[in-house]
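Novice: Provided herewith is a single structure, encoded as structure tokens, for subsequent inquiry.
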Amino acid sequence: MIKRKAVRPQSKPVASRPAPAKRPQARFEQEPAPAPARAGQTPSRLLAMRLAAEVVRLTAQLAQSRAKVSDLEAKIETDPLTELLNRRGFERELKRSLAYLKRYGASAALLFIDLDHFKPVNDRHGHAAGDAVLKAVAATLTRNVRASDVVARLGGDEFVVLLWNVTGTAAAAKAVALENAIAAGSVRFGAATLDVDASAGVALVAASETPAGLVARADAAMYARKRGKNTYARKRQRGAASPSPAGGGSASEASRGGVMRRS
């Protein structure tokens, strides 16, 4: 009898699990190693030197920024044509001056100057000719006052001059002198010679003055001066010339007529 070998049942192959994917390892950038300290320098001393250098750099940068701001402020308060203070710059300077006068009791006067016969210059010769006249007038005013006085162009053909440490008589005399200096100047523009006159009003600074009130009084004195000059010119045309303009014709007469009285 033949014996058969028992056949073992074959087991099913077990599926092998996939190997887990390798996670990418995060790469950390290493900070650069600090520069080796020089001989005789500890790390704390080296750090202090770095901080000091940074403070110097930031201080220089701040100084440059402040210089740029000051330059921009100067441009904002300067008339680009005449390079005088504009209305904004003059108002700031006037407020500061009035505060100084109230505190220390100094004296001052404001001249308000308006050009006569300026409009025909623009009408006949163009605005470029008018600009040349305005620049010449600005130079004349600056040349005939002290460095401590303030000259500004409010706009158009209106100028102001703040005189320091003057009496009413001296301020009136300076107003007439500036009128004469402007009238004596001639501007060559192409083939034309341009001439203008000016009328100047004077207002003494009062103890309790406001900027707006001071400018208004000087403006009123200027118009009184202009009316007086026009009246005098009409009388001369009619052959009834008088030795001096009437009705506030001169700056000194305007002061006595009430436009320079302190409120």
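Novice: If you wrap a convex hull around the alpha carbons of the stretch 72-221, what volume per residue comes out, as a whole number of Å³? Let's see the in-between values first.
Specialist: On the way: hull volume 15.6 nm³, N = 150.
With only Cα atoms used, the stretch 72-221 gives 104 Å³ per residue.
Novice: Per residue of the stretch 149-158, in order, report the coupling 6.51 cos²θ - 1.76 cosθ + 1.60 (Karplus, θ = phi - 60°) as ³J(HN,Hα) in whole Hz, putting x for Gly and Pro.
Specialist: So the Karplus estimates, Gly and Pro as x, are 6, 10, 10, 8, 10, 6, x, x, 10, 10 Hz.
Novice: Next question, about the same structure. For the ranges 184-195, 85-96, 131-142, what's the packing order if you count other beta-carbon atoms within 10 Å of each residue, average per peptide, and put the highest first? Let's see the in-between values first.
Specialist: Values: 184-195: 12.9, 85-96: 17.2, 131-142: 19.2.
My ranking of the peptides, most packed first, is 131-142, 85-96, 184-195.
Novice: For a label point 7 angstrom out from the Cα of Tyr100 toward its Cβ, which stretches of the stretch 148-162 have the backbone nitrogen within less than 13 Å?
Specialist: The answer is 148-151, 162.
Novice: Could you please put His125, His117 in sequence from largest to smallest accessible area, using a 1.4 Å probe? Intermediate values should be presented prior to the final figure.
Specialist: Details: His125 80, His117 120 Å².
Output order, biggest surface exposure first: His117, His125.
Novice: Using 21 Å as the Cα-Cα cut-off, could you pick out the over-long pairs in Lys119/Lys229; Lys119/Lys226; Lys95/Lys174?
Specialist: Numbers: Lys119/Lys229 17 Å; Lys119/Lys226 15 Å; Lys95/Lys174 23 Å.
Distance filter (> 21 Å) returns Lys95/Lys174.
The values are calculated or read from the model by the stated rules, or taken from the named source; none is laboratory data. Computed from a predicted model, the values in this text were never measured in an experiment. Neighbour counts are summed over all protein chains in view; Cβ atoms, including those assigned to glycine, are modelled from backbone coordinates with ideal geometry. All accessible areas refer to the heavy atoms of the entire protein, side chains included, with ligands and DNA or RNA removed. Shrake-Rupley method; radii C 1.70, N 1.55, O 1.52, S 1.80 Å.
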